[in-house]
1. Average the reciprocal distances over every distinct pair of alpha-carbons in the stretch 114-182, invert the result, and give the Kirkwood radius in Å.
2. Return the carbon/sulfur percentage of the accessible area of the stretch 115-228, one whole number, probe 1.4 Å, all protein chains in place.
3. What residue among 183, 210, 158 has the largest mean-square fluctuation in a Gaussian network model of the chain, using Cα springs under 10 Å?
4. Once the whole set of protein chains is in place, how much accessible area is left on residue 224, using a 1.4 Å probe, in Å² to the nearest 10?
5. Got a sec? Charge dipole of the chain, +1 on Cβ for Lys and Arg, -1 for Asp and Glu; which of 194, 65, 55 is way out at the positive end?
6. Run the numbers on the stretch 1-70 and let me know its relative contact order in percent, using alpha-carbon pairs under 8 Å that are six or more apart.
7. When a/c reaches 1.5 or more, the comparison of a/b and b/c decides; with that in mind, is the stretch 57-113 rounded, prolate or oblate per its Cα gyration tensor?
8. Which of the peptides 73-86, 186-199 is most tightly packed, and how do the rest follow, judged by the mean count of other Cβ atoms within 10 Å per residue?
Amino acid sequence: MDLSGVLEIASQTDPGMVRSHNEDSITQDAAHGLVVLADGMGGYNAGEVASGIAVSMLSAELKQALERTDPTRLDASAAEQAAVKVLDEHVRRANGSIYQAAQSQPQYAGMGTTLVMALFYSNRVSVAHIGDSRIYRLRGEMLDQITRDHSLLQEQIDSGMITREEARLSQNKNLVTRAMGIDPQVEPEIKTYPAQPGDVYLLCSDGLNDMVEDEEIRLTLATLQSNLPLAANQLVQMANDNGGRDNVSVILVKVKGEFPAQQGWFARLLSWFKK
């Protein structure tokens, strides 16, 4: 099922005002309902290499996997199970590739990347993430963060050691507790949510949310959601206007209509033959 008619996508990435190069990588594919964002870390250009491997592998391999087993041709329960399985398998595979590159090439030692991605199908969105890149959802006037940071700060907030207000002033913002490429194995956190017409999903690296308050993000999306390219540009500009201490990347996805599963005996028969 081609979702380009019901999903509008806009994206932008920028090195920011301090960094000399951009270690973020992004990709989008409206037809397959897939968006991916990675924020690399490591010396020299290693972070750029790690995020590039993650995004390029996941984009290419997930497209092939989705064409073999199209979740939109399955019933609701089977579709979600298939989507979660394919995301989990391919994130783990990309992690292994980054880890092997870091182990085999001294200039890439210690490189890694965060990851956040979303797959839309059958009036649902399954999101996978590792690290502190985020996904927000604007529904009506309400903005919700639907991923939970894998970071030291988030653990301190959860344990009650610090408040969210104190966390914004912390010097430990960039200490992630989970990243791709650091260990031979990694466990992505994957959750599935109902997607509704009118929803706007924001994927971003921490270069945005470290520089721009959530309420400012909400107001920008609510005001400019009818012009996604302008909204993406404005979010990046706000981060840079506030100091732009890191690379900043955003992907915006607006759900313009329903995209239910193609059900019925013929669709089920097709999916059976594709296995």
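1. In the stretch 114-182 this quantity evaluates to 13.5 Å.
2. 48 percent
3. Judging by the Gaussian network model, the answer is 158.
4. Only protein atoms counted, so the area is about 40 Å².
5. Result: 65, furthest along the dipole toward the positive end.
6. 27 percent
7. Here the stretch 57-113 falls in the prolate category.
8. For the peptides 73-86, 186-199, the packing ranking is 73-86, 186-199.
The values are calculated or read from the model by the stated rules, or taken from the named source; none is laboratory data. What you are looking at is a predicted structure, and each value in this text was computed from that prediction instead of being measured. Positions of Cβ are backbone-derived with ideal geometry, glycine not excepted, and every protein chain shown enters the neighbour counts. Surface accessibility is based on the protein's heavy atoms, side chains included, excluding ligands, DNA and RNA. Shrake-Rupley method; radii C 1.70, N 1.55, O 1.52, S 1.80 Å.
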